[in-house]
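To start, the structure itself, in structure tokens.
The values are calculated or read from the model by the stated rules, or taken from the named source; none is laboratory data. All values reported here derive from a predicted model rather than from experimental measurement. A quick note on method: Cβ atoms are made from the backbone with ideal geometry, for glycine too, and the neighbour counts reach across all protein chains shown.
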Amino acid sequence: MRVTVLVLAGLSGACRNTDTTGPASLLVVEPSLITVGDAPLSRELVVTTSRPTRLEVRMLAEGLDQTIRWPELSKRHDVALLGAMPDRVVEVDVVVTAEDGALEERRLAFVTEPTASPWVTVEVLHAEPERVSSGYVLLPLQTPSRVFWFGALDLATGELGWQYTGPVNFGDVRMTAEGTLIGLARGVQELSMLGEPLRRMAADPEPGEDVVPIPWSDLHHELFPLGNGAFASLTHRVVALEQMRLSYVDPTRTGPGRTVDDGIVVFDERGEVFGEWWMTDLLDPLHIGFDALDGEWSHGNAVIRSFSGDGLIAEARHQDTLFEVDGSGEVRWILSRPEGWRSPWSERVLQPVGEMAWPLHPHGPSVSSDGLLLAFDNGNDGASPYDTGVAAWPRSRVIAWEVDPDAMTVRTAWTWTPPGDLLFSAALGNATALPDGHVVACFGFLDGEGDVSNEEAGRGHRSVRVMEFVPGEEQPVADVRLSLPFDRMPDGVKAYRAVPTPSLYAADVEVERSR
């Protein structure tokens, strides 16, 4: 439902028109602000002018001072105003400017409600606002009982700058350069920042639904934009293997078996398929990590663009492995503890240089601007089946590796573990390298902190910590906890990933924002 909610007021009691040659007013009708129900903190601004103009808007409220400039000349501006926080009076200064310098101004205002649907408890445990990277993190949240929320959070303040309250439950989701959201939700779903469905790609459309057909009904974990309308994702199949390991402790116990396998798929916005490669074909089917014998041999959970840009880096959580495939699906290298790999896969395993931090059930990798491969290392079991020493106490961390594909070597560049209480996120999470060298890490599946369980602390069973840190510094520049009171939601809340975005607007829209 779309409702006009505002009556125009003149800017400082008046409007200004410097046009001396054209019509008396650039504005054909007075600007209007419209509330769109599924994005309750946002407003649609409609401005119609008698000749082409450029639009500039300044939004002012408690804790908000933001100026937005759209680049195009147009007689009609229909744009989303984003970044307003809950429970605020927001003043909106609208300026339209023609090419000859004529301009006209208006002041409008709107009021945002308190958080539009039940929202999680947000606690800023630590923040250095002047050092926190500009922008937001996109946070799809849910409880194990499938109550879900989706918002954009400012880590410096803990404030929501955008919220979605509609029916789409996203997993992996990102901003596009065009200023829309695209992610996994019953296939591929794109939304406007006003919460309006734009397009969907699916194998199982609803009756009468207009979708782009794709051959997979079970895309999962990742939708990575490759540019030019192409995406990489993951799918499932059940496969019968002639030989697989049947024991974590006895490598001689092998035999036939069935398991869930993961496929890397590449396709474009028209539904054209460019590749489909299965992990049991790419990796050694006799290699294992813990959980690999429990029905999901690979548990693929990520696929991203490689360093070179002409390949893909994928992650097999139950194999404690990251690996790169080229455009034809050939394995270039494997980042995993060398033990347990047979020929010919062993020739593709990167050889360690110096003391190594090996991945243990990792999630959410990224590639940094200085060429490092990062991953959120969940740390499950504190060891792999190939470790010969005593298992470490499970603890989650971020690891960065320097991969040399020519020398076929790998070196641990750094590791980062939050200071203070031990944090162990047994599942979920990600680590995203930002252009300024900072990293955002999501501990998305916590059942406590240190030796204090969430229930003992009065929180629901699961909680989330999102942190921004600088490699080499112990203390994060931002540390935010998201939780729910036990008496309100005993299950608590979990986060698949926290996805940083520098802006809520399209890439060509200029935004000046101060906290």
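Among the residues of region 485-504, those identified as of a type in the set (A, V, I, L, M) and either modelled with pLDDT of 95 or more or not in a loop (DSSP other than H, G, I, E, B) (or both) are Val493, Ala495, Ala498, Val499, Leu504.
Being under 21 Å from Asn378 (Cα atoms) and in contact (Cβ under 8 Å) with a residue 24 or more places away in the chain is a property that does not hold for Thr280. Among the residues of region 175-192, none qualifies, meaning not one is at pLDDT 95 or above, within 16 Å of the chain's Cα centre (by Cα) and over 30 Å from Gly37 (Cα atoms). Of the strands (runs of 3 or more DSSP E) entirely within region 300-407, those holding at least 1 residues that are in contact with a strand residue (DSSP E or B) (Cβ under 8 Å, 6 or more places away or on another chain) and of a type in the set (D, E, K, R) occupy 300-305, 311-316, 321-326, 331-335, 373-377, 397-404. The residue that is farthest from Ala314 (Cα to Cα), among those in region 264-276 that are out of contact with any Leu (no Cβ under 8 Å at 6 or more places or on another chain) and either without any contact (Cβ under 8 Å) to a residue 12 or more places away in the chain or buried (at least 18 other Cβ atoms within 10 Å of the Cβ) (or both), is Glu272.
Going by what's in this entry, would Trp162 be described as buried (at least 20 other Cβ atoms within 10 Å of the Cβ) and closer than 25 Å to Met85 by Cβ? Taking the combined requirement at face value, the residue satisfies it. Do we find a residue being among the small types (Gly, Ala, Ser), in contact with a helix residue (DSSP H, G or I) (Cβ under 9 Å, 6 or more places away or on another chain) and either closer than 24 Å to Glu315 by Cβ or not in a strand (DSSP E or B) (or both) anywhere in region 245-263? Checking region 245-263: at least one residue is among the small types (Gly, Ala, Ser), in contact with a helix residue (DSSP H, G or I) (Cβ under 9 Å, 6 or more places away or on another chain) and either closer than 24 Å to Glu315 by Cβ or not in a strand (DSSP E or B) (or both). Within region 442-483, the set of residues being outside any strand (DSSP E or B), over 20 Å from the mean Cα position of the chain (by Cα) and farther than 22 Å from Tyr496 by Cβ comprises Gly450, Asp451, Glu455, Glu456, Ala457, Gly458, Pro471, Gly472, Glu473, Glu474, Gln475. So which residues in region 387-410 are modelled with pLDDT of 95 or more and either buried (at least 18 other Cβ atoms within 10 Å of the Cβ) or in contact with a helix residue (DSSP H, G or I) (Cβ under 6 Å, 6 or more places away or on another chain) (or both), if there are any at all? Scanning region 387-410 gives Ser396, Arg397, Val398, Ile399, Ala400, Trp401, Val403, Val410. Within region 41-72, restricting attention to residues that are within 16 Å of Leu160 (Cα to Cα) and among the acidic types (Asp, Glu), the residue that is surrounded by the fewest Cβ atoms within 10 Å (Cβ to Cβ) is Glu62.
When you check Gly289 against the structure, is it assigned to a loop (DSSP other than H, G, I, E, B), on the phi > 0 side of the Ramachandran plot and assigned by TED's automatic domain parsing to the domain that holds Leu428, yes or no? When the stated conditions are applied, Gly289 does not pass them.
If only residues of region 315-338 that are under 26 Å from the mean Cα position of the chain (by Cα) and surrounded by fewer than 20 Cβ atoms within 10 Å (Cβ to Cβ) are counted, the one that is nearest to Ala400 (Cα to Cα) is Asp326. Comparison of Leu155, Leu108 shows that the only residue that is within 30 Å of Ser50 (Cα to Cα), modelled with pLDDT of 95 or more, in contact with a strand residue (DSSP E or B) (Cβ under 7 Å, 6 or more places away or on another chain) and surrounded by 19 or more Cβ atoms within 10 Å (Cβ to Cβ) is Leu108. The set of residues from region 165-216 being among the polar types (S, T, N, Q) and crowded, with 22+ Cβ neighbours inside 10 Å comprises just one member, Gln189.
Here region 438-466 is the region considered, the condition is being among the acidic types (Asp, Glu) and surrounded by fewer than 19 Cβ atoms within 10 Å (Cβ to Cβ), and the residue that is nearest to Leu482 (Cα to Cα) is Asp447.
Kindly indicate whether Pro435 is under 18 Å from the mean Cα position of the chain (by Cα), surrounded by fewer than 20 Cβ atoms within 10 Å (Cβ to Cβ) and in a loop (DSSP other than H, G, I, E, B). So Pro435 fits the description; yes.
Filtering Gly227, Gly257 for residues that are in the same structural domain as Gly311 (by TED's automatic domain parsing), under 30 Å from Thr388 (Cβ atoms) and out of contact with any Ser or Thr (no Cβ under 9 Å at 6 or more places or on another chain) leaves a single hit, Gly257. Applying the criterion of being polar (S, T, N, Q) and over 19 Å from the mean Cα position of the chain (by Cα) to the residues of region 360-395, the residue that is nearest to Pro471 (Cα to Cα) is Asn380.
In region 127-239, counting only strands (runs of 3 or more DSSP E) that sit wholly within it, the ones holding 1 or more residues that are without any contact (Cβ under 8 Å) to a residue 12 or more places away in the chain, on the phi > 0 side of the Ramachandran plot and not β-branched (Val, Ile, Thr) span 220-227. Exactly one residue among Ser384, Ser343 is over 26 Å from Leu434 (Cα atoms), crowded, with 22+ Cβ neighbours inside 10 Å and assigned by TED's automatic domain parsing to the domain that holds Leu283, and that residue is Ser384.
Out of region 467-500, which residues are aromatic (Phe, Trp, Tyr) and either crowded, with 24+ Cβ neighbours inside 10 Å or within 15 Å of Val124 (Cα to Cα) (or both)? Result: Phe469, Tyr496.
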